[in-house]
Structure formats: structure tokens, C-alpha cells
Amino acid sequence: MSSTKSTTSSNSTSTSRRGFVKEAGAVAATATLLTGAMRTVHAAETDSIQIALVGCGGRGTGAATNALSVPDAGMKLVAMADVFESKLSSSHRGLSGKFGEQVDVPEDRQFIGFEAYKQAMDCLRPGDIVILTSPPAFRWLMFSYAIEKGLNVFMEKPLTVDGPTSKRMLALGKEAEAKNLKVGVGLMCRHCEARGELYNRIQDGEIGDILMLRAYRMAGPTGSASVLPNPGKMSDLMYQIANFHGFLWLSGGAFSDFLIHNIDECCWMKNAWPVEAKAAGGRHYRGDMVDQNFDVYSVEYTFADGTKLLLDGRTQPGCYQEFASYAHGTKGSATISFSGHSPAHCKIYTGQKETKKQVAWEFGPDERNPYQLEWNDLIDAIHNDKPYNEVERGVMASAVTSMGRMAAHTGQIVTLEDLLDCPHEFAPNLDKLTLDGDSPLMPDASGRYSVPMPGLIVDREYA
């Protein structure tokens, strides 16, 4: 059972809005027509959109910041939810200080627990937006309820961490599309103006046919990927959620959460998804850490035409660091990103050395922030009722990422079909979790968790 900071899940405006929905429903022939009609009325009546934030950590607070910063959109944050009261309070304090009256979330619209996402969404009107930034394991569950409520959605990547949930999310994406709900996915590089112009130039043949892509995210310890044993102040379940980058069922691990952007931007430039992956990886300097991550990954992705994407990931301190993606073609090469997500520093070169003398084109210094642009695009689609559903692309990027991770963790060649058809669902019965219950992944008697064992466990990523 969940505990709540709030005992009330509604407000006067949402009540009146739900009353209108009920009345309109008597006239509308189908739920799809109802949703479409409500969105039109919504924009015409108030030209404002209310938001609920589900998942109040750093990424959620960042997404809410971008949402409230969309120019001339009349955005207002009206509800928040998390399983940790401290995260919700910290996020609420920061957003209130920055945005003042745009944050209208009194204590009776602050919700704590595993049912909190429903309570927060219940505060919204059809056509409003829910931000889903809890760990990816919960994405399909919360997205299902958002569709049921007729809400537009922004949700963070990855969308899925395994085959069964990937198929489930693809189906949910179609359901959302049928209801004309607008759905944005936090692969913000796709909204980058510099990468967009580079994509057009590559498709126009400026570097010729792509023969190879390279991507690197090699850094020190990142996020909560390195996890020490539970000191016992929290249940195993809550401790894992607090350190979600360390556990495959919650996030897909460091591989999925951190490398997906490089993989996605390379696949975008290739205009295709790879069909196969082989990989290596290992745990070296883990010390007392109990998370399930490797600290080095090296993956060779293969596209249907034989083109390769080579990917290196590393989280070891004291080593050479690089955070970049490149494309190589028959007539030249390109920098897709350099030194992080933004600015991208996109360039095209006449050769393969990528020197200053070979620069044929570069975007320039005035790159706008893609984290803000993806929100501007979503709100524009809502206000002007443009088709906008990024679910399939987000699921494919997540599944391709998981394909590479599975290849490293099993030591086998893994195809996209292998990944999607693998029956190992990391967190079945997710909707039955309770705050004081067991986790889908329990530690052994010494407090350690099952880790991937390439070559020994080959049909799933961990026992």
C-alpha cells in the first residue's frame, strides 16, 4: 500500500473540467472523438496547459523547468509525485523559487508512494500534460494510465529495458496515437537544430554513403551507477530505486541510461536501426560495489546493409575520457556531437582526418538548447493539433540499446528479434509493488546481487 503526503487528490478546477468531460461524453460517439474535441475546446477556452510531474529527481525537475519555460504557453505545474518525500520537496522548492505562481502545488497535490502517479494525473484535465521521469521500469505502467486519462505525455528515455516491455510500449504508442494524444520522448538530440541540419546534409550525400559510425561515452563514475551495499536504513526495494542506475530492472543500467543518446543520434544519421550486435565488457575495479553494471562496454552494431556502428562506454576513473559521435562516408566524414550533448559542434569534413583544413561545413556557435527545443516542439504540436508521437522511435532506440547491452552481458551475438522475443521480463508484476514489499531483484545473504556472467548465462542477462 502507498503512503501519501496528501489526502486529497482533486481541486476545484479539475473537478469542473471533469464535469465538462462527463457532459461532452454523452454527445461524443467514441472516446477518440471525445479526446480530440476536448483538446480543441481546451486550447480555445484558456490557452493554458496544466502539468503534473511524476518523478521529481534531477531529470524530472529539469524537464519541468523546460516545460515552464516554453515561451507564451501559459504553463502551470499543479501536481507532483514521487516515492521519496525528500526529492519531491527539494524539486518543489527549487521550481517554486524559479517560477513563482507558475508552480501551484499545495501539499494536497503532492503525492508520495507507488499509487502517487495516479493521484497526480487525477488532478489534470484531458489534454493537459504529465511528465513521466521515474525510473524507466515504471514507464509502461504510468503511460497506460496517462492514455486512460486522455493526457498528453512527456516521458524520459529509455522507454523500455527489455523485450517484453518494448513490445508492450509499442502497442501503447499505437493506442495513444489513435486517441490523438501528443507524446514527446526525452531523446532531445533529435530536436537539435545543428544535428538536424547535419542530418539533412548527410541525407543529401555530402559525405557520400555512410560506411561506419563511431560513438564514445567514456567517463568516470556517473549518476548512481556505482552502488555500495545497502546500509539497512531503507528496504532493498527503496534502496534500489534510490540508486536506480545500478540495477537492470529499473533502468537498464548505466549502459542503457547513458549510452542511448549516442546510439540514437548515430542511427538517426544512418536513417536506420541496426539489426545485430556483438559486444564485450567486464567488471574490473568494482571493490565493494554491488550494482549490476560492467565498467567497460565495447559493442559492434551491424545495420542491414552491413554498415557498422562501433560504441565504447566506460565509467572507470583515471582513464582517457571522450563523449562524442562520428560518421564516416565514402566522400568525407562528420562530427555528430563533440564533448557532450549540447552544443553538438556538428561539422562535415572533406576527408577522414577531421582536421581544421578539412572542414567543409560547421553549424556555428549559436546552438539553442535541445532540452528546451523538444518542449517548444511538443507544446506547438498540442496548441496547433499537429501529429506528434515519438513512442515508436523511443522504443526502438531503447530496444537497440538493450540489444547491445544484452550482447555484452551474455557474450553472444544478439539480433533485434532475439532481444524483442526474449521472454525475460526484468520486473514482472510491477503494478503490485508496495513500499514495504520485496524488490523484483533481491540480494543474497551477503547483500550482493546477481550480475551478468558472459558465456555462462547466455539466454538472459542475469539469473
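The values are calculated or read from the model by the stated rules, or taken from the named source; none is laboratory data. Nothing here was measured: the structure is a model prediction, and the numbers come from that model. No Cβ is skipped: glycine too gets one built from the backbone with ideal geometry, and neighbour counts run over all protein chains shown. Only protein heavy atoms, including side chains, enter the accessible area calculation; ligands, DNA and RNA are left aside. Shrake-Rupley method; radii C 1.70, N 1.55, O 1.52, S 1.80 Å.
Overview of results
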quantity	calculated
Qualifying residue in the range 108-118 (condition: under 30 Å from residue 366 (Cα atoms) and buried (at least 21 other Cβ atoms within 10 Å of the Cβ))	no
Counted residues, the range 190-203 - those being out of contact with any strand residue (DSSP E or B) (no Cβ under 7 Å at 6 or more places or on another chain) and open to solvent by less than 10 Å² (accessible area, probe 1.4 Å)	2
Search result, residues across the range 423-463 that are open to solvent by less than 80 Å² (accessible area, probe 1.4 Å) and of a type in the set (Ser, Thr, Tyr)	434, 439, 449, 450, 462
Subset of the range 204-254 (residues that are part of a loop (DSSP other than H, G, I, E, B), open to solvent by 40 Å² or more (accessible area, probe 1.4 Å) and either acidic (Asp, Glu) or closer than 30 Å to residue 337 by Cβ (or both))	204, 206, 209, 221, 223, 226
Selection count where residues are surrounded by fewer than 21 Cβ atoms within 10 Å (Cβ to Cβ), in contact with a strand residue (DSSP E or B) (Cβ under 9 Å, 6 or more places away or on another chain) and within 15 Å of residue 226 (Cβ to Cβ), scope the range 283-304	3
Those strands (runs of 3 or more DSSP E) lying entirely in the range 328-394 with at least 3 residues more than 20 Å from residue 311 (Cβ to Cβ)	347-349, 359-362
Residues being outside any helix (DSSP H, G or I) and more than 13 Å from residue 277 (Cα to Cα) - total across the range 413-428	7
Candidate set: the range 255-282, residues that are among the small types (Gly, Ala, Ser) and under 16 Å from residue 304 (Cα atoms); chosen: the one surrounded by the fewest Cβ atoms within 10 Å (Cβ to Cβ)	272
Selection status of residue 147, part of a helix (DSSP H, G or I), of a type in the set (Val, Ile, Thr) and either at pLDDT 95 or above or over 19 Å from residue 390 (Cβ atoms) (or both)	yes
The one condition in (1) assigned by the TED database to the domain that holds residue 228; (2) closer than 27 Å to residue 245 by Cβ that residue 369 fails to fulfil	(1)
Selection count where residues are charged (D, E, K, R) and outside any loop (DSSP other than H, G, I, E, B), scope the range 108-144	5
Filtered residue count, the range 96-107, keeping only those that are in a loop (DSSP other than H, G, I, E, B) and crowded, with 19+ Cβ neighbours inside 10 Å	1
Top-ranked residue in the range 68-95 [being over 30 Å from residue 433 (Cβ atoms) and without any contact (Cβ under 8 Å) to a residue 40 or more places away in the chain; ranked as surrounded by the fewest Cβ atoms within 10 Å (Cβ to Cβ)]	72
Residue match in the range 385-400 (condition: over 25 Å from residue 151 (Cβ atoms), among the polar types (S, T, N, Q) and in contact (Cβ under 8 Å) with a residue 60 or more places away in the chain)	no
Residue count, the range 382-393 (criterion: more than 15 Å from residue 72 (Cβ to Cβ) and either touching a helix residue (DSSP H, G or I) at 6+ places or on another chain (Cβ under 6 Å) or open to solvent by less than 20 Å² (accessible area, probe 1.4 Å) (or both))	5
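Here is a yes/no grid of residues against (1) within 30 Å of residue 333 (Cβ to Cβ); (2) touching a Leu at 6+ places or on another chain (Cβ under 9 Å); (3) touching a residue at least 60 places away in the same chain (Cβ under 8 Å); (4) among the acidic types (Asp, Glu):
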{"site": "124", "(1), (2), (3), (4)": "no, yes, yes, no"}
{"site": "131", "(1), (2), (3), (4)": "no, yes, yes, no"}
{"site": "138", "(1), (2), (3), (4)": "no, yes, yes, no"}
{"site": "147", "(1), (2), (3), (4)": "no, yes, no, no"}
{"site": "150", "(1), (2), (3), (4)": "no, yes, yes, no"}
{"site": "153", "(1), (2), (3), (4)": "no, yes, no, no"}
{"site": "166", "(1), (2), (3), (4)": "no, yes, yes, no"}
{"site": "211", "(1), (2), (3), (4)": "yes, no, yes, no"}
